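Working notes for the structure below.
The values are calculated or read from the model by the stated rules, or taken from the named source; none is laboratory data. It should be emphasised that the depicted structure is a prediction, and the values quoted were computed from it without experimental measurement. Glycine also receives a Cβ, built like all others from the backbone with ideal geometry; neighbour counts cover every protein chain displayed. Just so you know, the surface numbers come from the protein's heavy atoms only, side chains and all, with ligands and any DNA or RNA stripped out. Shrake-Rupley method; radii C 1.70, N 1.55, O 1.52, S 1.80 Å.
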Amino acid sequence: MSTETPAPIDPELLRKAQKRVALRMGFFSHALVYVAVNAGLFALNIFQGGPLWSFWPLAGWGIGLAAHGLATWFSLNGDGLRDRMLKQEIDRLNQGR
């Protein structure tokens, strides 16, 4: 058992980590609901018989889920890009002085 005290967490780093976790959890929640609801719609469609209509909500909502996934991925992986662009813009503005 270690008696070391944990290092203090930088508040800015904590805020950034919380935001990133919230983005991931939002996407995971969306994906879980997507799977559960569409499984239920598919089961309902199979038990009812007739034409396969459950494909349409699956496809439509799937497009929305894919867009959510891409937005989450770009947001999580774009931090370095934003920082580099900000640094370049600051350098550019400083050269113009």
Among helices (runs of 4 or more DSSP H) lying entirely in the chain, which contain 1 or more residues that are among the basic types (Lys, Arg)?
-> 11-48, 79-95
Identify, by number, the condition in (1) surrounded by fewer than 11 Cβ atoms within 10 Å (Cβ to Cβ); (2) at pLDDT below 95 that Ala17 doesn't meet.
-> (1)
Residue set Asp91, Asp10, Asp79, Asp83; condition surrounded by 11 or more Cβ atoms within 10 Å (Cβ to Cβ) and among the acidic types (Asp, Glu); output residue Asp79
If you check every pair at least six apart or on different chains, which have Cβ atoms under 8 Å apart with a residue in the range 1-28 that is within 17 Å of Trp73 (Cβ to Cβ) first and a residue that is among the charged types (D, E, K, R) and open to solvent by less than 100 Å² (accessible area, probe 1.4 Å) second?
-> Lys16/Asp79
In the range 48-76, residue most open to solvent (accessible area, probe 1.4 Å) [restricted to those that are closer than 26 Å to Lys19 by Cβ and of a type in the set (S, T, N, Q)] = Ser75
Does the range 40-47 contain at least one residue that is aliphatic (A, V, I, L, M), touching a Pro at 6+ places or on another chain (Cβ under 9 Å) and open to solvent by less than 50 Å² (accessible area, probe 1.4 Å)?
-> yes
